[in-house]
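Asker: I'd like to ask you about the structure that follows.
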Amino acid sequence: MKVHEYLKLVEEQIHCKSIWEDIRLELLGHMEEDTEYFRKKGMSREEAVERAVKEMGDPVETGIELDKVHRTRLDVKLLLFFIGIDLLMMVLVLAYFGSSLGDVLGRNLIMWRGMGIFFLLLFSFGKYMEEYFSRPYQLWLLFFIFSGVFLVLSIFSGPFKGTGFYITDTAYQSMLFGTAPGFGLLTFYYRKGGYGEVHRLLGIAGIVCLLSVIPGEFFYTFSIILTHVLILTIAVRRGWFHIKRREFLIKIWSVPVVLSLIGAGIIYKGCKDHLVMRSVRAYMELDDTPGILMRMLGSAGIWGIFLMILLIVGVFLWMLHDIRKLTNQYCNIICTGVLAAFVMMVLNSVLAMMGFGDINQVYFPFFSVNGYSNGCAVYIYYVLVGTFLHMHRHDKVLPKSEMPTKRAA
């Protein structure tokens, strides 16, 4: 590897661009020292430089370690953006329900959204690359721990009846969609491996897919398979694994392609039997955002729904554009997992709304306000948003005297 290639990879892992020059000079100084040392050992200039670069270690790991030592702060604009969407939905709820909001619904709004804000802040303000984000399995397992707790609680769900909180559904929601960023972290951890590491990742994804079969809903399982295949595809296309990429991608994509053909047949039969229209009409009777807009705005409600669709698509496109600017590979793949989870939530919700799933599991990120979202999916939504914010922290550079040495890096 050339010196400039090594330095470029190191810099790409560091959020704060203003520190790049100092880090470049620091690393170049170490390389020059090592080069002189190896030349005294009898190596040529080219051999000494190549050996000096090799002695610096993996550039991605070095860059991430250098990135960790910076003091960071939360991206306030991003936080205010997501809170602003929440406030918009709260205004819509208050305008629709008004004085008939009721103690139960009001308590649910405060309790479940309050719990969601707690998770958002917990994940947003966690120390960078430390605590639950430090080791590769911890983030992935964290969602499973939450899922397991709620599954156990579902056995004793008496105290939760009438609260709008669907315990078992929460476990499935967190298990299926919450593991997406954690799986992205695992792919990052196993990068630079071969077929052994890739097969290990496929085994982990297989466990999640098998668990997703429990509800007995075809499209629910299809969503989780597609999510994991997408994340693994991104990692493979980036050259993270020493495998035959084209051959491997053809094999893993054969599964969702076959399932999509089966799903297309199921959807066609549903349309032919008028199941879709009946299910959509039933969903529009619920007090979720589309139904609320139709009843509040009358004939103009369809334009309100169209605007909501545009807003969801706009947020997703903005998130995708924002993720593409993240040069830190660790943050990039986790944020990609968050976006994939949100997209799969929408896909699963659309299919459930059409009658191909449990209508109680309809949840559109950012814009759902029904009883289900106030109790169940909202908590995992806030965890994902908190994870996204956590990866977007701005850096405050340490004083130059506190720059890490070569040994610390």
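The values are calculated or read from the model by the stated rules, or taken from the named source; none is laboratory data. Note that the coordinates shown come from a computational prediction; the quantities given were computed from them, not determined experimentally. All Cβ positions, glycine included, derive from the backbone under ideal geometry; neighbour counts span all protein chains shown.
Asker: Give me a count of the residues in the range 184-233 that are within 16 Å of S254 (Cα to Cα), in contact (Cβ under 8 Å) with a residue 12 or more places away in the chain and not aromatic (F, W, Y).
Answerer: 15
Asker: Of all residues in the range 240-258, how many are part of a helix (DSSP H, G or I) and either of a type outside the set (A, V, I, L, M) or in contact (Cβ under 8 Å) with a residue 60 or more places away in the chain (or both)?
Answerer: Applying the first criterion (part of a helix (DSSP H, G or I)) to the range 240-258 yields 245-258.
Within this subset, residues satisfying the condition of being either of a type outside the set (A, V, I, L, M) or in contact (Cβ under 8 Å) with a residue 60 or more places away in the chain (or both) are 245-248, 251, 253-254, 256.
Selection size over the range 240-258: 8.
Asker: Could I ask something else about it? Can you pull out every residue in the range 272-330 that is touching a residue at least 40 places away in the same chain (Cβ under 8 Å), under 24 Å from F183 (Cβ atoms) and among the aliphatic types (A, V, I, L, M)?
Answerer: Within the range 272-330, I312, V315, M319, L326 qualify.
Asker: Do we find a residue being at pLDDT 85 or above and charged (D, E, K, R) anywhere in the range 347-359?
Answerer: No: the range 347-359 contains no residue that is at pLDDT 85 or above and charged (D, E, K, R).
Asker: While we're looking at this one, here's another question. Which pairs do you get when a residue that is closer than 16 Å to G29 by Cα, found in the range 1-12, comes within reach of a residue that is of a type in the set (K, R), reach meaning Cβ atoms under 6 angstrom, with the pair 6+ apart or on two chains?
Answerer: Short answer, once both residue conditions are applied: L7/R24.
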